[in-house]
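Undergrad: I have a structure I would like to understand better, so I am pasting it below and will then ask my questions one at a time.
The values are calculated or read from the model by the stated rules, or taken from the named source; none is laboratory data. Quantities reported herein were computed from a predicted structural model and do not represent experimental measurements. Using ideal geometry, Cβ is built from the backbone for each residue, glycine included, and neighbour counts are taken over all protein chains shown. Protein only, heavy atoms only, side chains kept; ligands, DNA and RNA dropped before computing areas. Shrake-Rupley method; radii C 1.70, N 1.55, O 1.52, S 1.80 Å.
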Amino acid sequence: MYKILIYDSFEATRASVVSALEDRCELTCIANEIEFQAEIRSRQFDLIFIDIDSINDQSVVLLSQIHTKDPFLPIIITSKSEKAEIIVQAMNAGASDFLIHPISPTRINIAVDKALEIRDQRFEIAYHRRTQDVVYDFRDVVAYSSSMQKILKSLERFAKTDSTILITGDTGTGKSFLSGTVHFNSPRRKKPFVKINCANIPEDLLESELFGHEKGSFTGADKQRIGRFEQASGGTIFLDEIGEMNMRLQTKLLRVLEEKSFERVGGNKTIFSDVRIIAATNKDLVQQVETGLFREDLYYRINVLPVTLPSLRERRECILPLADLLLKKCCASMHRDIHGFTDEARKLILEYEWPGNIRQLANTIERAVILEDDRKIHTYNLALPKKTLRQQVAAARPAVAGEEPGVPEPAESLAEREKELVLRVLEECLWVQKNAAKKLGISPRALNYKVSKMGITHPHWRRNKKVG
Ligand SMILES: Nc1ncnc2c1ncn2[C@@H]1O[C@H](COP(=O)(O)OP(=O)(O)O)[C@@H](O)[C@H]1O
Ligand SMILES: [Mg+2]
């Protein structure tokens, strides 16, 4: 039940608010300012009614005081006066609504519902903004290699402008992540940051997703829909996988870039939306232009501030700091008490190729955290291939002076030794995984994972049987 405070010195007008709300809200009625001040100091309300005729000229001051202290608390003003000046003053001081006596019960209920709905939306926005602010902070960006430091410097500068940014780079190199960092460090940070992946949406729905549609514009369009470009108004839109857009949409996008305007699907009203565009792709757009798949004029229009993110192996200095950061984040979210990696694990992480870049590193670490029973992450829980492709190639070539050494041998023998140990203990425990896990000092779940990864099977085990 909502808790509502009603401040009105006049019995008759107070009664109208009380009778409209008493069935659905917990009401507290106050007739003078001292009691009112005491109530709002000591208790939390969902909404308050203030009758402006009950207070003196100080009413607006009182209103702004409450509003400054608790900006989310909705305040509905009631009054006998219809003076525009008073209404404007009250609304400017933070009132959610202004009702003039006599007020019908329906009107009161509608005002309460509307004010509470707006309050809930504001809570939600504040929540999302807080979570995004934490995630997208330039200080959270790991950049130890000189290439990344340069990129970061440019992005910080780009963030201050409204120009279109084109971020290219392989999957998992941080395109989405850095686009958020740009938005939340730009003058548009208080406005929406809207992300859309053009590859995830069927081609025929993408246009309506981006630009919205009018009711009845196609089968299934039973309501008007506001597109992402309108939602992002004043803010930033992140167009991921822009190379997937078809020619028709490319033409429409070009117009948005040039004129900041478009029409909803099936509509002829021109809509203006001031949106900053950050586009990303892992495709070679120049090649797509050459093969006629991407409009050349659009390419030049989005390629104003180009940024190419290096693969993880091209920023070797970042690998271990990233691993440490990702481990810390992962442990915090899973409530695990793991501190760092063993020396072998660090070596392996540093030597590995990481074809899936930072995303692969993050997934690898997440899995290791689940499997690890010790206080440090061990090599065998990283579950990386023994040798990377590059190292296999390097091994087949005669060594060149000054080249990095190959993968450390211990990783290989360690995995083998581990398998031997698991097999021996399983035999000792007559292939009962639960008992073997206990003897090995790991959880049954961890053993089950290892067993299937090592390809160990036994006729006593039913296929896909899970232990745990
Ligand atoms: N420089 C960086 N510092 C810290 N974390 C990063 C960095 N770049 C990427 N990440 C993290 O790596 C993961 C993959 O990044 P993402 O932006 O989704 O890649 P992409 O969009 O290029 O496929 C995300 O979890 C992101 O938070
Ligand atoms: Mg992405």
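Undergrad: Could you pull out the residue among Leu325, Leu320 that is part of a helix (DSSP H, G or I) and under 23 Å from the mean Cα position of the chain (by Cα)? Walk me through it before giving the result.
TA: Working: Leu320 fails: under 23 Å from the mean Cα position of the chain (by Cα).
Among Leu325, Leu320, only Leu325 is part of a helix (DSSP H, G or I) and under 23 Å from the mean Cα position of the chain (by Cα).
Undergrad: Of the residues that sit in region 157-176 and are more than 16 Å from ligand 1 (Cβ to nearest atom) and assigned to a loop (DSSP other than H, G, I, E, B), which one is nearest to Arg359 (Cα to Cα)? Working first, answer last.
TA: Keep residues of region 157-176 that are more than 16 Å from ligand 1 (Cβ to nearest atom), which gives 157, 160-164.
After this cut, where a residue has to be assigned to a loop (DSSP other than H, G, I, E, B) as well, the list is 160-164.
Working: Lys160: 28, Thr161: 29, Asp162: 29, Ser163: 28, Thr164: 25 Å.
Selected residue: Thr164.
Undergrad: Kindly indicate whether any position in region 110-126 is in contact with an Asp or Glu (Cβ under 7 Å, 6 or more places away or on another chain) and either within 16 Å of ligand 2 (Cβ to nearest atom) or in contact (Cβ under 8 Å) with a residue 40 or more places away in the chain (or both).
TA: Yes: one or more hits.
Undergrad: Residues to consider are Ile226, Ile196; find the one that is without any contact (Cβ under 8 Å) to a residue 60 or more places away in the chain, within 16 Å of ligand 2 (Cβ to nearest atom) and hydrophobic (A, V, I, L, M, F, W, C). Before you say what the answer is, go through the steps one by one.
TA: Numbers: Ile226 fails: within 16 Å of ligand 2 (Cβ to nearest atom).
Result of the check over Ile226, Ile196: Ile196.
Undergrad: Suppose we filter Pro355, Pro310 for residues that are in a loop (DSSP other than H, G, I, E, B), farther than 26 Å from Ala415 by Cβ and within 16 Å of ligand 1 (Cβ to nearest atom); which single one remains? Walk me through it before giving the result.
TA: Working: Pro355 fails: farther than 26 Å from Ala415 by Cβ.
After ruling out the rest, the residue left standing is Pro310.
Undergrad: While we're looking at this one, here's another question. Mind counting the residues in region 141-151 that are more than 9 Å from ligand 1 (Cβ to nearest atom) and in contact with a Cys (Cβ under 8 Å, 6 or more places away or on another chain)?
TA: So the answer is 2.
Undergrad: So Leu73 fits all but one of (1) assigned to a loop (DSSP other than H, G, I, E, B); (2) touching a Gly at 6+ places or on another chain (Cβ under 8 Å); what number is the exception?
TA: Going through (1) assigned to a loop (DSSP other than H, G, I, E, B); (2) touching a Gly at 6+ places or on another chain (Cβ under 8 Å) one by one, Leu73 breaks only (2).
Undergrad: Inspect all residues belonging to region 230-240 and state whether any of them is crowded, with 20+ Cβ neighbours inside 10 Å, in a loop (DSSP other than H, G, I, E, B) and assigned by TED's automatic domain parsing to the domain that holds Arg188. Spell out how you get there, then give the answer.
TA: Residues of region 230-240 that are crowded, with 20+ Cβ neighbours inside 10 Å, as a first pass: 232, 236-240.
Keeping just the survivors that are in a loop (DSSP other than H, G, I, E, B) gives 232.
Those still in the list that are assigned by TED's automatic domain parsing to the domain that holds Arg188 too: 232.
Yes, region 230-240 has at least one match.
Undergrad: Only residues that are assigned to a helix (DSSP H, G or I), out of contact with any Asp or Glu (no Cβ under 8 Å at 6 or more places or on another chain) and buried (at least 16 other Cβ atoms within 10 Å of the Cβ): list them for region 296-307, please. Explain how you work it out, then say what you get.
TA: Looking only at region 296-307, we keep the residues that are assigned to a helix (DSSP H, G or I), and these are 296-302.
If we keep only those that are out of contact with any Asp or Glu (no Cβ under 8 Å at 6 or more places or on another chain) too, we end up with 296-300, 302.
Selection gives Leu298, Tyr299, Ile302.
Undergrad: Tell me the residue from Ser154, Ser179 that is open to solvent by less than 20 Å² (accessible area, probe 1.4 Å), in a helix (DSSP H, G or I) and either within 13 Å of ligand 1 (Cβ to nearest atom) or among the small types (Gly, Ala, Ser) (or both), please. Step through it out loud before you land on a result.
TA: Details: Ser154 fails: open to solvent by less than 20 Å² (accessible area, probe 1.4 Å).
When all the criteria are applied, what remains is Ser179.
Undergrad: Also, quick follow-up: Which condition number in (1) among the aliphatic types (A, V, I, L, M); (2) modelled with pLDDT under 90; (3) open to solvent by 70 Å² or more (accessible area, probe 1.4 Å) is the one that Met247 fails?
TA: So the condition that Met247 fails would be (2).
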